[in-house]
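> Have a look at this one before I ask anything.
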Amino acid sequence: MTAPHVSAGGTAALGTTEVHRMGYGAMQLAGPHVFGPPADRDAAVAVLRRAVELGVDHVDTSDFYGPHVTNEVLREALHPFDGLTLVTKVGARRDADGGWPSAMTREELVTGVHDNLHHLGVEQLGAVNLRLPDSWTGSLEEPFTVLRELQEQGLVAQLGVSNVSAAQLDEALALGPVACVQNSYNLVLREHDALVDHCAELGVAFVPFFPLGGFSPLQHDGLTAVATRLDATPMQVALAWLLQRSPAILLIPGTSSVAHLEENIAATSLVLGPQDVTELDDVTELDALA
Ligand SMILES: NC(=O)c1ccc[n+]([C@@H]2O[C@H](COP(=O)([O-])OP(=O)(O)OC[C@H]3O[C@@H](n4cnc5c(N)ncnc54)[C@H](OP(=O)(O)O)[C@@H]3O)[C@@H](O)[C@H]2O)c1
């Protein structure tokens, strides 16, 4: 499926903002392991400009990608970001070896938001996700309250949460509106199935990270079979499956290639039939690992 008439599809709510359901995740624009500069900065700029040309109006980033690199490339490509909703995240930082230690103290969260504002060159961020470290099983009240204060100062339009359980989402909602949840989720990684449905009931956008499998793009015989039948690529089918999975889902697939970007955006016009969906629903992580 190589439709030349690609577009970012219909729209859905990201909190109080309406965005196209096909957005873009900018993490892959930094260097290897999301550390340092991209191999080809001009190519990274071209991907971003092409995304916006094709109707993408929701871009996911973070100042800890690079660090700073992704935001700097975004700024070079798209500043002043007219009509774009920039969603970023705080709660981690990078160490000298490219590791991802958590950064959840008040000072680190405040610095994280200011670093995003500074490197993007904006006065307000569209949304900021509080990204919990994997080890964080307790309350998010303290860090989320810090972000609420920054929102009250006008530095952040909306708040979201990332890497959370349903209980942590509910705790955040008790403190005020939550625009989006960003957890890992894709065709073969369905640990957060119940949370996807919970978000739909609550009217909170669910924005899966690793929609294509992340650092190891999805491979599965069942996926390939459906793609072949539909004259589409497996990645397009994986994205179309997510779009039909829940109206709450907004997509932010990442790519450093214009060809892959166009392919991914064209997935918005791919229609899966009931038999396709049944076969794809049956795909499991175990099969994918086999
Ligand atoms: N909240 C969090 O903790 C968190 C964690 C991870 C990511 N994120 C966000 O989620 C976004 C999406 O996740 P992601 O970028 O890591 O993973 P992804 O979107 O699942 O997959 C990206 C990978 O798939 C490849 N790819 C993309 N389109 C393709 C296509 N049409 N055909 C073949 N390969 C294709 C890319 O390689 P090429 O560059 O070669 O296309 C890249 O290696 C990130 O950009 C980031 O903004 C958030």
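> Kindly put T70, T17 in sequence by how many other C-beta atoms sit within 10 Å of each C-beta, fewest to most.
Values: T70 29, T17 18.
Ranked by crowding around the Cβ, least crowded first: T17, T70.
> Can you find, among G55, M22, L230, the residue farthest towards the positive end of the dipole of the chain? Put +1 on the C-beta of Lys and Arg, -1 on that of Asp and Glu.
About the Cα centre, the residue reaching furthest to the positive side is G55.
> Size of the dipole of the range 104-170 about the Cα centre, Lys and Arg at +1 and Asp and Glu at -1 on the beta carbon, nothing else charged, in debye to 20?
Values: 3 positive and 10 negative charges, 27 e Å.
Its charge dipole is roughly 140 debye.
> What is the distance in Å between the Cα centres of the range 211-290 and the range 61-77?
Here the two parts' Cα centres lie 27 Å apart.
> Among residues other than T145 whose Cβ falls under 13 Å from its Cβ, what is the net charge (Lys/Arg +1, Asp/Glu -1)?
Values: positive: R106, R148; negative: E141, E142, E149, E152, E171.
It works out to a net charge of -3.
> If you rank D197, D63 by fewest surrounding Cβ atoms within 10 Å, what's the result?
Fewest-to-most Cβ neighbours within 10 Å comes out as D197, D63.
> While we're here: So what is the relative contact order for the chain, in percent, with contacts set as C-alpha pairs under 8 Å and at least six apart? Intermediate results must be reported in sequence, preceding the final value.
Values: 561 pairs, mean separation 61.1, N = 290.
The value is 21 percent.
> Hey, with R₀ at 30 Å, roughly what FRET efficiency would D40 and E123 work out to, going by the Cβ-Cβ distance, to 0.05?
Numbers: r = 31 Å, r/R0 = 1.02.
Efficiency, rounded to the nearest 0.05: 0.45.
> Also: Using label points projected 7 Å from each Cα along Cα→Cβ, tell me how many nm separate Q244 and A259, to one decimal.
About 2.8 nm, to one decimal.
> With +1 on each Lys and Arg Cβ and -1 on each Asp and Glu Cβ, how big is the dipole of the chain about its Cα centre, in debye rounded to the nearest 20? Kindly include the intermediate steps, with their values, before the conclusion.
Details: 14 positive and 37 negative charges, 87 e Å.
Charge dipole, the chain, about its Cα centre: 420 debye, nearest 20.
> Just to confirm the number: angle between the C-alpha axis of helix 106-120 and the first principal axis of the chain, 0 to 90 degrees, nearest 10?
60
> Size of the chain along its principal axes in angstrom, Cα-based, largest extent first?
Taking the Cα atoms of the chain, the three principal extents are 53, 42, 37 Å.
> So, counting K/R as plus one and D/E as minus one, what does the shell of residues with Cβ under 15 Å around D82 add up to?
Details: positive: R49, R75; negative: E53, D57, E123.
Local charge sum for D82: -1.
> Also: Whole Å is fine, so just give me how far the alpha carbon centre of the range 96-125 lies from that of the range 188-210.
Taking the Cα centre of the range 188-210 as reference, the centre of the range 96-125 is 26 Å away.
> Ok, one more. Any idea how far apart T16 and R190 come out in nm if each label point goes 7 Å out from Cα toward Cβ?
Reported label-point gap for T16 and R190 is 3.6 nm.
> Something else about it: Test of understanding: what is the full-extension gain from A174 to A96, defined as 0.36 nm times their sequence separation minus their Cα-Cα distance? Show your work: numbers first, answer last.
Details: separation 78, 0.36 × 78 = 28.08 nm, distance 3.72 nm.
Difference between extended and current length: 24.4 nm.
> May I pose another question? Suppose we keep just the DSSP beta bridges with both residues in the chain; what percent of those would be antiparallel, to 5?
On the way: 6 of 31 bridges.
Percentage antiparallel, nearest 5: 20.
> Can you sort L14, L169 so the residue with the fewest Cβ neighbours within 10 Å comes first? Show your work: numbers first, answer last.
Details: L14 25, L169 21.
So the ranking, lowest neighbour count to highest, is L169, L14.
> Could you tell me the calculated FRET efficiency between T137 and T111, based on Cβ-Cβ distance and R0 = 22 angstrom, to the nearest 0.05?
Details: r = 24 Å, r/R0 = 1.11.
Once rounded, the FRET efficiency stands at 0.35.
No lab work stands behind these numbers, since they all come straight from the coordinates. Keep in mind that this is a model prediction, so the values were computed, not measured. Because the Cβ atoms are built from the backbone with ideal geometry, glycine has one as well, and the counts that use them run over all protein chains shown.
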